[in-house]
1. At 4 °C and 1.567 mPa s, grab the translational diffusion coefficient of region 1-49 from Stokes-Einstein with a Kirkwood Rh over Cα pairs, rounded to a whole number in µm² per second.
2. Using 0.36 nm per residue, how much length does the chain from residue 42 to residue 1 gain when fully extended, once their Cα-Cα distance is taken away?
3. At 0.36 nm per residue, minus the direct Cα-Cα distance, what do residue 33 and residue 57 gain on full extension? Give it in nm, one decimal, please.
4. So for 57, 81, 65, fewest C-beta neighbours within 10 Å to most, what's the order?
5. Can you pull a Stokes-Einstein diffusion coefficient for the chain at 4 °C (1.567 mPa s), Rh from Kirkwood over Cα pairs, as a whole number of µm²/s?
């Protein structure tokens with residue numbers, strides 16, 4: 001990943017420069033904000049060349065990873081790989 005933007009406690013944007021061919025050129029962003037005393041995380045992976053099955057798989061996997069991160073932040077126990085949800 002190449003860091004395109006980094007604003008501490010607010011936003012990070014990456015561009016995929018190597019890895020799975022479908023990912024190369026995509027842009028990933030993590031945006032943090034606060035609402036009603038809680039942290040809100042907005043995530044996106046944009047710039048897919050085609051809407052292939054792998055894109056949908058990755059979208060679901062990102063959801064499981066982010067839910068694991070939420071559990072870790074709130075309760076101290078996450079579900080990182082290889083203990084994440086198997087959607088295969």
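1. Approximately 112 µm²/s, per Stokes-Einstein.
2. On the way: separation 41, 0.36 × 41 = 14.76 nm, distance 1.87 nm.
Full extension from residue 42 to residue 1 adds 12.9 nm.
3. 6.0 nm
4. Values: 57 13, 81 9, 65 17.
Arranged by neighbour count, lowest to highest, 57, 81, 65 become 81, 57, 65.
5. On the way: Rh = 14.4 Å.
Rounded to a whole number, D works out at 90 µm²/s.
Here, each number is a calculation from the coordinates, and none is a lab measurement. Computed from a prediction, not measured in an experiment: that's the story for all the values here. Here Cβ is always computed from backbone atoms with ideal geometry, including for glycine, and neighbour counts include all displayed protein chains.
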